[in-house]
Amino acid sequence: MSSSGYTDLREKLQSLSRDPPPQQPLPPAMKKRKQPASDTEEEGAVSDTEEEEARKVRSGVRQMRLFSPEECSHIEAKIDEVVSRAEKGLYREHTVDRAPLRNKYFFGEGYTYGAQLQKRGPGQERLYPKGEVDEIPGWVHELVIRRLVEARVIPDGFVNSAVINDYQPGGCIVSHVDPIHIFERPIVSVSFFSDSALCFGCKFQFKPIRVSEPVLFLPVRRGSVTVLSGYAADEITHCIRPQDIKERRAVVILRKTRTEAPRLEIKSLSSGYNPERLSGSNRQHILKPKRSHRKADPDAAHRPRILEMDKEENRRSVLLPKPSRRSNFSSENYWRRPYDYVDNYTDTGEDEDSPVRKVKMRRH
C-alpha cells in the first residue's frame, strides 16, 4: 500500500465519489460577516430621514393669500414712507438696523442679536429698554394686524412687536430660530413687493457666501401670510437665501414678546440713552443715510473666488506702460501671449535722459 493509503488509483477515485463527511460548524470568530448595506440603501435611509423632517416642518407651517394686489400696493407705499423717514433720521436710534442689502425697522419692541450681543450664542438675546424703539405705526394696526385678526390668524391684542425687513436683490438673512425666550408662538409674517421663498434647515458658509440645500423650500408669494409654530418655529432654523431675492422684497413680521423676556438695562447701552434729544424740536438726525443702492446678482454669491492668476493679471495691468508711450507690443496682443513671453519691460519715465528702470514680473 502506498503512503497515501490507496492500493491503486481506482480505489482513490471511488472514495472521492462517495458523499463527503458532514461539514463541521465554523467557530463564531470564523463565521461570515453580514455584508454592509449598499450605497443605494444608505441613500434611501437618508432620503427617508429628510422626508420625515420635511413633514414635521410642514406640520408647523400655515399659509394663506390674504391681501389683494391693490391692498399690497397701499401697504408698500407705507413701507416706502418708513424707509424715507429712516433716511431722514426721524426714528429712534435702535428702531433702524442697517446691513448691506437688508434693513430692519423695529417697532413696539426691539432686541439685540447677532454681532450686537455681548455674549454670543442662543439665549443671549435681550429686549431693549422700553421706549428705545418707536411705537408700532397706526397703518400697521389698521392695514395689516386688523386683517389678520378678522381672518382669525391671531387673537386681538396679540401683537406688540412689528418688524419690517426690507431686502434689496441678493439680500439675505442667515439661518436662525426666533429667540424662544423672547417671543411667544406663532410667528406671523406678511410678504410684499415680490415673490420669494423661505428655506428651512440650511447651513451658511461665508467668504464667499454659500448656502446648503434646504430641508424644505417654501415659496412665499406677494400678499401671502406665513404662520410658523411647533417644529417649524422651534426645532429647525429658517432663512432667506440670496438667490431667492431677485427683486426688492419686504416682509412685516408680527410677534408677541413674553412677559418674562430679559431686557437690557439703560446704563448697559453703549450709545447712551437720552430721551430729550429724541423728542420735539430737539430730535437729532442720529442715523446717517447709509443705505446700499448697489444691485447684487443673486447668483454672484455662488461664483468661485478670484484666483491668484487673476490677481497677477490685475497687477500686470497696473505695471503696463502708459498708453501715450509706444511699445513693441499692443495691450490687446499682449494678453493673448503666454505668461513667459515677457520677463520685464522698460519704462523711460518723464525724463528721457533718466536711467532705464526694469521691473521683474513675478510668476506663480
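From the square roots a ≥ b ≥ c of the eigenvalues of the alpha-carbon gyration tensor of the range 190-240, which class results: rounded (a/c under 1.5), prolate (a/b over b/c), or oblate?
Because a/c hits 1.5 or more and a/b fails to exceed b/c, the range 190-240 counts as oblate.
Before anything else, pin down the relative contact order of the range 143-275: Cα pairs under 8 Å, at least 6 apart, normalised by residue count, whole percent.
Result for the range 143-275 is 39 percent.
Ignoring ligands, DNA and RNA, what percent of the accessible area of the range 115-269 is carbon or sulfur (1.4 Å)?
Carbon and sulfur atoms account for 50 percent of the accessible area of the range 115-269.
Can you list the residues, at least 5 places off or on another chain, whose amide H is less than 5 Å from the amide H of residue 158, using H built in the peptide plane?
When sequence neighbours closer than 5 places are left aside, there are no close amide H contacts.
Quick one: grab the alpha carbon gyration tensor of the range 118-207, order the square roots of its eigenvalues as a ≥ b ≥ c, and give me rounded if a/c is under 1.5, else prolate or oblate depending on whether a/b is larger than b/c.
oblate
The values are calculated or read from the model by the stated rules, or taken from the named source; none is laboratory data. All figures in this text were calculated on a predicted structure; none of them were measured in a lab. All accessible areas refer to the heavy atoms of the entire protein, side chains included, with ligands and DNA or RNA removed. Shrake-Rupley method; radii C 1.70, N 1.55, O 1.52, S 1.80 Å.
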